[in-house]
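Here, each number is a calculation from the coordinates, and none is a lab measurement. The shown structure was predicted, so the numbers you read here are calculated from the model rather than taken from an experiment. When we count neighbours, we look across all protein chains shown, and the Cβ atoms used for this are built from the backbone with ideal geometry, even at glycine.
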Amino acid sequence: MNRIDNIVECDGALILGGGIAGLFTALKLAPMPVTVLSGARAGSAGSSAWAQGGIAAALGPDDDWRAHAADTIAAGAGLCDPAIVELVAQDAPARIADLLDYGAPFDHNPDGSIALGREAAHSKARIVHVKGDRAGAEISATLAARAAATPSIRLLEGFHAVELAVANSRVIGLFARTGSGAGTRLVLLRARAVILATGGLGALYAVTTNPLESRGEGLGMAARAGALIADPEFVQFHPTAIDIGRDPAPLATEALRGEGATLHRRPCHPSPDRGRPQSLPGLPPGHRRRVRAALPHRLRGLPGRRHRSGGAADPGGARRALSHGRYPQRRAGPRLAGRLVGSR
Ligand SMILES: Cc1cc2nc3c(=O)[nH]c(=O)nc-3n(C[C@H](O)[C@H](O)[C@H](O)COP(=O)(O)OP(=O)(O)OC[C@H]3O[C@@H](n4cnc5c(N)ncnc54)[C@H](O)[C@@H]3O)c2cc1C
């Protein structure tokens, strides 16, 4: 580790990550003093601002959390922990109530009830959404504004965390870089507790729908500090990513499939049918995992396909990189200039 240029003392907890998870945790901990540290402006970066469809919760009159849990377990095809599924399904309506309380502008029906959409493997309409498919951006902005106005929350932006600080086998804070070029400084932020809310690791893959900062850096830091990392191969997959040679790949909202849209491809060989879309038999409307399993076979041989895409991700490689404390640095980190933007 290089020379430490500055030490910042944090009262209470230090939360790394200014997405929905970090901001929601900070608001839940209020009035306990909390510092939220992030690279970009809180609420603007990470997957949260990109989320489209909305959040699942059994809120409809014909719905209940047990049905939500059953649909989730069926979609998980043996991979779910039933206790966690039940916890999440049971708590979801209360968390939506929290978000409403913080000011999340969910879409409503003319009669005043919350509008519910249907998506993926859900048997009922239970997706709360904002302005159609702007749930992530709107909820993130709402939470960021609420956090900035909360006296117990300090928002620090423009800090790129690089390592947890460990002393006597305890995490005592983290090291972060701020500034750029010759002006880069290494800062130690000391706190009684550190909460990692750094999002996913989709951007470690050759093609992703996740933002480029979803590199699993928090997982890497935790692994190097001695944490046991569970299930890193569970990475978000969007069957409706559009493969047009861009990374991140643009995404057609998953709500399309929920409303009954099916996946098709054009024939890859010249034929009288050329140009007419072909359905992909066997691709179920709901379960992303089964769609994911079917895709490499269906896409093989399509003209113009690049070898590194089409589900050619290497979860094992990503896991190995994490467990060895390395992760591919294939993208330059953002240029940072730290500043205090919140109150407290
Ligand atoms: C295109 C897309 C559509 C989606 N649609 C939906 C949907 O409809 N419904 C749904 O429920 N979910 C959806 N998701 C998933 C959802 O967005 C994520 O599960 C959720 O936003 C994760 O929130 P988070 O706060 O954990 O992580 P993020 O929002 O990714 O936040 C991570 C934060 O950590 C910061 N960070 C990371 N590393 C560092 C570091 N080293 N130093 C400093 N800061 C760091 C980032 O800058 C960011 O502020 C979608 C995701 C994508 C990409």
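Between A125 and N168, the contour length at 0.36 nm per residue exceeds the alpha carbon distance by 10.4 nm. With the highest mean first, a sort of the peptides 126-132, 5-11 on other beta-carbon atoms found within 10 angstrom per residue produces 126-132, 5-11. You can think of it this way: the chain between Q236 and R66 has 58.8 nm of extra reach, that is 0.36 nm per residue less the Cα-Cα gap. Highest mean packing first, where packing is the average number of other Cβ atoms within 10 Å per residue, the peptides 178-184, 117-123 line up as 117-123, 178-184.
With a simple spin-label model that places each label point 7 Å from the Cα along the Cα-to-Cβ direction, the separation between D243 and I114 comes to 3.6 nm. Take the Cα of L212, go 7 Å toward its beta carbon, and the backbone nitrogen atoms of segment 46-78 under 19 Å from that spot belong to 46-51. Amide H contacts for S214 (H built 1.01 Å from N in the peptide plane; partners 5 or more residues away or on another chain; cut-off under 5 Å): A203. Relative to its Kirkwood radius, the Cα radius of gyration of segment 93-163 gives an Rg/Rh of 1.09. The value obtained for segment 55-128, namely the Cα convex hull volume divided by the number of residues, is 84 Å³ per residue.
Charged neighbours of L100, selected by a Cβ distance under 13 Å, balance to -2 (K, R count +1; D, E count -1). Each 5 Å bin from zero holds the following percent of Cα-Cα pairs in segment 8-151: 2, 10, 17, 19, 18, 16, 11, 6, 2, 1, 0. Between D98 and S180, the distance separating the two model label sites (each 7 Å from Cα on the Cα→Cβ line) works out to 3.5 nm.
Each Lys and Arg contributes +1 and each Asp and Glu -1, all at the Cβ; summed about the Cα centre of segment 55-128, the dipole is approximately 140 debye. Listed peptides 239-246, 214-221 appear in the order 214-221, 239-246 once ranked by packing, highest mean of other Cβ atoms within 10 Å at the front. Proximity of backbone amide H atoms, modeled 1.01 Å from N, is registered between V8 and L188, L189, R190 at under 5 Å, excluding neighbours fewer than 5 places apart on the same chain.
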